[in-house]
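*Asks:* Quick one: this structure, given as structure tokens, is what I'll be asking you about.
The values are calculated or read from the model by the stated rules, or taken from the named source; none is laboratory data. Remember, it's a predicted structure, so these values are computed and weren't measured experimentally. Glycine also receives a Cβ, built like all others from the backbone with ideal geometry; neighbour counts cover every protein chain displayed.
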Amino acid sequence: MTNILTRRTFLAGLAGQIEPGLILHRGNIHTMDRTAPRAEAVAISGDRLLAVGSNDDVLRLATGRTRKIDLGGKTVVPGFIDAHTHVAYSGIRHLRQVDCDLRSIADIKGAIAERAARTPAGQWVIGFKYDDTKTADGRKLTREDLEAAAPRHPVYVGHRGGHTAFVNSLALRLTGVDEKTPNPTGGEIDRDRNTGRLTGGLRETAIQPFQKMFFSAYTRDEYREGVKIITRMMAKSGVTSAHDALGSPEDLRAYQDSYQAGELSVRVYSFIAYQYIDQMVAAGVRTGMGNEWVRLGAMKLICDGSISERTARISQPYIGRPDDHGIWVMEEAELTANARKAHQAGWQIAVHANGDAAIDRTLRLYERLNKEMPRKDPRFRIEHCTIINDDLVRRIAALGAIPNPFSTYVYYHGEKFTEYGAERLKSMFAVRSFLDAGVRVTQTSDYPPGPFEPMMALQSSVTRTDSKGTVWGANQRITVEEALRVGTLHGAYASFEENLKGSLEAGKLADLVVLGQDPMKVDPSALIRIPVERTMAGGRWVFEA
């Protein structure tokens, strides 16, 4: 059966453009449309799909002006939606900071020293994507490491997870942090257990005073350029939409600048961090404002810490650390006050909650809001929602809340899971449990913390096997078809856009990916090697291999 728009519907959506400008035919198309899951061809007019169906039916719509591309049997899927990532945040880092995704502390020191050599003394040298479990040294960075690399510069190296960082003595001095400085609420300044001397490590809210020292130095043009860089990277992997999970007014402006300059390759649903909610409410803006390329998303709150940095708030202690249950980043009263304000003003709410204790606190908040200030279809979001139990899943389903767990973590971060334990992994990144409960769970990377490549996400979710071959929580495996749906249609639902994108249906946006192999047919352990050959967003090729 061919899905073709009626003239009336198409005129309403496309201002009278009823002939296809482009037809892709002889394809192996997985539509994610339950009424017509497979197709051979699509017709595109403007930025929309005009028809999806058989070769014969779709080609019959062509005119003399229609371009045709023979796919030669290549597989096509809807464009992937990364429902929790950090777009502008990542872009400015790729543009201006030192990529510390290296495999030894010596290599990291070398990269910092190289940047310092071409940076005037006294100016900040900033690194990102450092990961303590990816280096061969078996220890974390110290202030001494960074002083040896750049003795005349303040140095800040952020962990890939985004919740911790490492600084040298000059950075501590410039920020006014010393041995007498108390831990901030929701954070920790690492100290040597024996001497009390600062090690240079910072956790959670303790990183904020340092970030304020250098982020204000970035210009509007640099933010726009960063967005151009990162959205091109994402489009190359098959991502056509991204939910920026901790946006700011500057980020929102960067997306708009990039869009107006014709440089935005990926659609952005931009959350706004809770610190800005008052000015947003005062301006009368709320979730959903914008267009198909840049849209205002949820108001973001942070309840606890990080999975990859092992600071998530959990009910049972970390393996090998019997007194460590992780960190509460925000107290319950503050969480509630901010959420109430946003909910009442018509905002979707998204709370970062990794550990089971944090998820429980978040659900109590949502249950209270639902009872005291009921709103039609609020689509409460739980960002990460990593460690669950049966009762938490039941409550999530009852609320219709949306969990957004890490999709590439099992494959990429397997070496960290010994601190959680194999038993607990059966209830982490619990996509199988969510689907079985009828919950519309999404696919997310949280990049930089996790890689954003959708093929890695598919393999991670389907095999539950890390890069070294260790299986973590096999009970949470899902099928390839389920993983595709999670990575497309469910992501659209999380931003109230399921009628606009997420599946290949007539009338929806022409967002799609051409793959070199069919993920339904390859060995699941080879999904990560499937090449992305082309990516289309809004009828325009934003990547071609």
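*Asks:* From the list G421, G355, pick out the single residue that is at pLDDT below 95 and farther than 19 Å from E482 by Cα.
*Replies:* Numbers: G355 fails: at pLDDT below 95.
On inspection, the qualifying residue turns out to be G421.
*Asks:* Moving on. Looking only at region 361-374, count how many residues are in contact (Cβ under 8 Å) with a residue 40 or more places away in the chain and over 22 Å from the mean Cα position of the chain (by Cα).
*Replies:* Filtering region 361-374 for residues in contact (Cβ under 8 Å) with a residue 40 or more places away in the chain gives 361-362.
Cutting the leftovers down to over 22 Å from the mean Cα position of the chain (by Cα) gives us 361.
Number satisfying all stated conditions: 1.
*Asks:* Give the residue, chosen from Y223, Y255, Y218, Y269, that is of a type in the set (S, T, Y), out of contact with any strand residue (DSSP E or B) (no Cβ under 7 Å at 6 or more places or on another chain) and at pLDDT 95 or above. Break it down stepwise before answering.
*Replies:* Working: Y255 fails: out of contact with any strand residue (DSSP E or B) (no Cβ under 7 Å at 6 or more places or on another chain); Y218 fails: at pLDDT 95 or above; Y269 fails: out of contact with any strand residue (DSSP E or B) (no Cβ under 7 Å at 6 or more places or on another chain).
Only one candidate qualifies: Y223.
*Asks:* Might you check whether a residue that is at pLDDT 95 or above and crowded, with 20+ Cβ neighbours inside 10 Å occurs anywhere in region 3-20?
*Replies:* We begin by selecting, within region 3-20, every residue at pLDDT 95 or above; these are 20.
Going one step further and asking which of them are crowded, with 20+ Cβ neighbours inside 10 Å, we end up with 20.
For region 3-20, residues at pLDDT 95 or above and crowded, with 20+ Cβ neighbours inside 10 Å: present.
*Asks:* Read through the list (1) outside the structural domain of L172 (by TED's automatic domain parsing); (2) surrounded by fewer than 19 Cβ atoms within 10 Å (Cβ to Cβ); (3) not hydrophobic (A, V, I, L, M, F, W, C); (4) not in a helix (DSSP H, G or I), then give the number of the only condition that H84 fails.
*Replies:* In the conditions (1) outside the structural domain of L172 (by TED's automatic domain parsing); (2) surrounded by fewer than 19 Cβ atoms within 10 Å (Cβ to Cβ); (3) not hydrophobic (A, V, I, L, M, F, W, C); (4) not in a helix (DSSP H, G or I), H84 misses (2) alone.
*Asks:* Can I ask one more? For region 378-393, check the following and say yes or no: at least one residue is over 24 Å from V486 (Cα atoms) and among the hydrophobic types (A, V, I, L, M, F, W, C). Even if it seems obvious, please write down each step before you answer.
*Replies:* Pass one, region 378-393, residues over 24 Å from V486 (Cα atoms): none.
Looking for residues that are over 24 Å from V486 (Cα atoms) and among the hydrophobic types (A, V, I, L, M, F, W, C), one finds none in region 378-393, hence no.
*Asks:* Report every pair of residues separated by at least 6 positions or lying on different chains whose Cβ atoms are under 7 Å apart, first residue within region 460-480 and under 17 Å from V439 (Cβ atoms), second in a loop (DSSP other than H, G, I, E, B) and among the aliphatic types (A, V, I, L, M).
*Replies:* S461/I478; Q476/A430
*Asks:* Within region 485-502, is even one residue surrounded by fewer than 23 Cβ atoms within 10 Å (Cβ to Cβ) and in contact with a Leu (Cβ under 8 Å, 6 or more places away or on another chain)?
*Replies:* Scanning region 485-502 turns up at least one residue that is surrounded by fewer than 23 Cβ atoms within 10 Å (Cβ to Cβ) and in contact with a Leu (Cβ under 8 Å, 6 or more places away or on another chain).
*Asks:* Within the group V431, V462, which residue is under 26 Å from H325 (Cβ atoms) and crowded, with 19+ Cβ neighbours inside 10 Å? Talk me through it step by step, then tell me what you get.
*Replies:* Working: V462 fails: under 26 Å from H325 (Cβ atoms).
When all the criteria are applied, what remains is V431.
*Asks:* Mind telling me which of the residues T231, T240 ends up being at pLDDT 95 or above, assigned to a strand (DSSP E or B) and either surrounded by 23 or more Cβ atoms within 10 Å (Cβ to Cβ) or not charged (D, E, K, R) (or both)? Before the answer, list the steps.
*Replies:* Working: T231 fails: assigned to a strand (DSSP E or B).
That would be T240, the only listed residue that is at pLDDT 95 or above, assigned to a strand (DSSP E or B) and either surrounded by 23 or more Cβ atoms within 10 Å (Cβ to Cβ) or not charged (D, E, K, R) (or both).
*Asks:* Still on this structure, I have one more. Could you grab me the full set of residues in region 354-403 that are within 15 Å of A342 (Cα to Cα) and either among the aliphatic types (A, V, I, L, M) or not assigned by TED's automatic domain parsing to the domain that holds S315 (or both)?
*Replies:* L365, L369, M373
*Asks:* A further question on this structure: Residue check: is E383 of a type outside the set (S, T, Y), closer than 27 Å to R321 by Cβ and in a helix (DSSP H, G or I)?
*Replies:* Details: of a type outside the set (S, T, Y): yes; closer than 27 Å to R321 by Cβ: yes; in a helix (DSSP H, G or I): no.
It is false that E383 is of a type outside the set (S, T, Y), closer than 27 Å to R321 by Cβ and in a helix (DSSP H, G or I).
*Asks:* Inspect region 146-154 for any residue being out of contact with any helix residue (DSSP H, G or I) (no Cβ under 7 Å at 6 or more places or on another chain) and either assigned by TED's automatic domain parsing to the domain that holds F543 or within 26 Å of K228 (Cβ to Cβ) (or both) and give the result as yes or no.
*Replies:* First, pick out the residues of region 146-154 that are out of contact with any helix residue (DSSP H, G or I) (no Cβ under 7 Å at 6 or more places or on another chain): 151-152.
Next, from what is left, pick out any that are either assigned by TED's automatic domain parsing to the domain that holds F543 or within 26 Å of K228 (Cβ to Cβ) (or both): none.
The answer is no; no qualifying residue exists.
*Asks:* I'd like the full set of residues that are in contact with a Lys or Arg (Cβ under 6 Å, 6 or more places away or on another chain) and either part of a loop (DSSP other than H, G, I, E, B) or free of Cβ contacts under 8 Å to residues at least 24 places away in the same chain (or both), limited to region 137-173.
*Replies:* Hits for region 137-173 are R160, N168.
*Asks:* Give the residue that is farthest from G158 (Cα to Cα), with candidates limited to residues of region 176-215 that are of a type in the set (G, A, S) and exposed (fewer than 14 other Cβ atoms within 10 Å of the Cβ).
*Replies:* Restricting attention to region 176-215, the residues satisfying the condition of being of a type in the set (G, A, S) are 176, 186-187, 196, 200-201, 206.
Then drop every residue that is not exposed (fewer than 14 other Cβ atoms within 10 Å of the Cβ), which leaves 176, 196.
Working: G176: 19, G196: 22 Å.
Across region 176-215, the extreme among qualifying residues is G196.
*Asks:* Pull out all pairs, ordered by first then second residue, where Cβ-Cβ is under 7 Å, the residues are six or more apart or on different chains, the first lies in region 424-439 and is assigned to a helix (DSSP H, G or I), and the second is of a type in the set (D, E, K, R).
*Replies:* Pairs that qualify, where the first residue is assigned to a helix (DSSP H, G or I) and the partner is of a type in the set (D, E, K, R), are R432/R477; L435/E482.
*Asks:* Which is over 22 Å from I105 (Cβ atoms) and assigned by TED's automatic domain parsing to the domain that holds T142, of G161, G176?
*Replies:* Details: G161 fails: over 22 Å from I105 (Cβ atoms).
Testing whether each residue is over 22 Å from I105 (Cβ atoms) and assigned by TED's automatic domain parsing to the domain that holds T142 leaves just G176.
*Asks:* Are there strands (runs of 3 or more DSSP E) fully within region 247-355 with at least 3 residues that are of a type in the set (G, A, S), in contact (Cβ under 8 Å) with a residue 60 or more places away in the chain and farther than 21 Å from T386 by Cα? List them.
*Replies:* Working: elements: 267-273, 294-302, 349-353.
Per the criteria, no element qualifies.
*Asks:* Find the residue count for region 187-209, including only residues that are in a strand (DSSP E or B) and at negative phi. If you could, list the steps in order and put the result at the bottom.
*Replies:* Kept after step one, since they are in a strand (DSSP E or B), are these residues of region 187-209: 187-191, 198-204.
Remaining after also requiring at negative phi: 187-191, 198-199, 201-203.
Looking only at that region, the number is 10.
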